[in-house]
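To start, the structure under review is shown below, and the notes come after it.
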């Protein structure tokens, strides 16, 4: 049964980007992120209640709280960049760059924390790096509009960089805090950050103007993220982490499949090879 939960985690994680893309065709990505985070925060606290770690809040010291806030700010920046990239670019190009945050995290941990890079991790870094490069193809002149340009790529790399910083901040300063409780607190910071961005950029009025259809997709993307978290936790609770983690990381295959079905985004031969290398690199990095 736990394998089904692991597959469910990958499935829901994979369709999150698809649902989000459907919800930001006309809606500003910052507004969408702010609305979506409300749903994600609700699920985050459901996870806290499920594991019963809410009582640990009073035991969090000032230093740990600071790093929770900093990691929350990094998470918020990552989400804002990610959804802006999805709004401007193709899912098949944005998601691989975002997934490269795993590589960046390993490199930053090596450079900043002195953590060694094992043989299989090194192989995985190389394969994912090459695979990501292969999947980033230049659009033809007719496809590349002036409104998009290379902006989506900058936001996608920004998403990966901030996601990596989130992980590093967690490694450095978040000790002795139950993971679900830490996630809930960070998500609360993301919520505040996202709505501050909405207010600062003068987009508060757009919240009421979000089309109902897109609002539904934005909400569904938040539910998909929450469902992924719930399935992932249940799978880890009952199953083998060495099996659960690889299955969850392969959510990129779900995203690519649905991007073809929903948006008719096709992979070229080059992109197909790139996807294969990313999958191989992900599996290599999970070999102990």
**Fill in**
Considering the range 11-25, residues that are over 14 Å from the mean Cα position of the chain (by Cα) and surrounded by fewer than 23 Cβ atoms within 10 Å (Cβ to Cβ), and then whichever is farthest from residue 230 (Cα to Cα), we arrive at 25
**Message:** Is it the case, given these coordinates, that residue 83 is under 29 Å from residue 216 (Cβ atoms), in contact with a helix residue (DSSP H, G or I) (Cβ under 9 Å, 6 or more places away or on another chain) and surrounded by 18 or more Cβ atoms within 10 Å (Cβ to Cβ)?
**Reply:** yes
**Request:** Would you tally the residues in the range 232-270 being outside any helix (DSSP H, G or I) and either over 16 Å from the mean Cα position of the chain (by Cα) or free of Cβ contacts under 8 Å to residues at least 12 places away in the same chain (or both)?
**Result:** 7
**Request:** Look through 49, 65, 80, 104 and report the one residue that is assigned to a helix (DSSP H, G or I) and at pLDDT 95 or above.
**Result:** 80
**Asked** Taking the stated definitions as given, is residue 136 surrounded by 15 or more Cβ atoms within 10 Å (Cβ to Cβ) and at pLDDT 70 or above?
**Response** yes
**Request:** Mind telling me which of the residues 142, 166, 187 ends up being modelled with pLDDT under 90 and part of a helix (DSSP H, G or I)?
**Result:** 166
**Asked** So which residues in the range 198-231 are out of contact with any helix residue (DSSP H, G or I) (no Cβ under 6 Å at 6 or more places or on another chain) and not in a helix (DSSP H, G or I)?
**Response** 201, 202, 209, 210, 211
**Request:** Report yes if some residue within the range 32-42 is part of a helix (DSSP H, G or I) and over 21 Å from residue 204 (Cα atoms); otherwise report no.
**Result:** yes
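A quick yes/no check of all residues on (1) exposed (fewer than 15 other Cβ atoms within 10 Å of the Cβ); (2) at pLDDT below 95:
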| residue | (1), (2) |
| --- | --- |
| 194 | no, no |
| 213 | yes, no |
| 228 | no, yes |
| 238 | yes, yes |
| 261 | yes, yes |
| 278 | no, yes |
**Fill in**
Of 120, 110, the only residue that is assigned to a helix (DSSP H, G or I), touching a residue at least 24 places away in the same chain (Cβ under 8 Å) and surrounded by fewer than 16 Cβ atoms within 10 Å (Cβ to Cβ) is 120
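The values are calculated or read from the model by the stated rules, or taken from the named source; none is laboratory data. Everything numeric in this text was worked out from a predicted model, so none of it was measured. For neighbour counting, all protein chains shown are included, and Cβ atoms are generated from backbone atoms with ideal geometry for every residue, glycine included.
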